Amino acid sequence: MWDLKSYLKRDHGITTAVQLRARIESTVGVIVCEQTLRSLLRGPVAPRIEMMQLLCDVFNCRSDAFFLLTPNPERAKQWEHDRLNGQKPAPLYQPKVLDGGEETIDVKRETSVTSKPESLHTTYTDPRLLYRGRILRRRNELGAS
């Protein structure tokens, strides 16, 4: 049960993410973006321990003032039902799977005395540097045909 919004309103008079941000900055000197705080006020999908600790430090409270975990018998029954029906257990955390729209790129690094080795830094400044070899090969292929 996540009840941060009503806790802040009831005990501290804070109703908006802007007010919460100002309180955090003035109390502990930590900057948190308002979008993150709005998400916390709505009820996060997976609250981070660091964020809960920050809130406890700022408001000098325990996490059970706004966050409480209790057993969920309905969910446990559903899992038991699924298990009895032969469903395989689902992993809690799944690795990201590339869909068909994503492409992996093999980058071959050139190392010679006359040329600089490519680095990721160059991809942020000018992506043409990273793909220079491909562009030249493509131009040569198009020119030869």
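The values are calculated or read from the model by the stated rules, or taken from the named source; none is laboratory data. Note that the structure is a prediction, hence the values are computed from the model and not measured. Every residue, glycine among them, receives a Cβ derived from its backbone with ideal geometry; neighbour counts consider all protein chains shown. To get the accessible areas, we keep the full protein, side chains included, count just its heavy atoms, and leave off ligands, DNA and RNA. Shrake-Rupley method; radii C 1.70, N 1.55, O 1.52, S 1.80 Å.
Observations, loosely collected:
- Subset tally (residues that are more than 14 Å from W2 (Cβ to Cβ) and either in contact with a strand residue (DSSP E or B) (Cβ under 9 Å, 6 or more places away or on another chain) or loosely packed, with under 12 Cβ neighbours inside 10 Å (or both)) for region 34-44: 1
- Test: residue in region 23-32 that is under 23 Å from the mean Cα position of the chain (by Cα) and in contact (Cβ under 8 Å) with a residue 60 or more places away in the chain: no
- The lone criterion from (1) surrounded by 10 or more Cβ atoms within 10 Å (Cβ to Cβ); (2) at pLDDT below 85 left unmet by L69 is number (1).
- Near pairs, Cβ below 6 angstrom, 6+ apart or cross-chain, from region 59-88 (touching a residue at least 60 places away in the same chain (Cβ under 8 Å) and within 30 Å of R10 (Cβ to Cβ)) to any residue that is open to solvent by 100 Å² or more (accessible area, probe 1.4 Å) and outside any helix (DSSP H, G or I): L68/M1
- For region 48-56, the criterion of being in contact (Cβ under 8 Å) with a residue 24 or more places away in the chain and closer than 22 Å to A22 by Cβ is met by at least one residue.
- Residues being open to solvent by less than 50 Å² (accessible area, probe 1.4 Å) and of a type in the set (G, A, S) - total across region 45-66: 2
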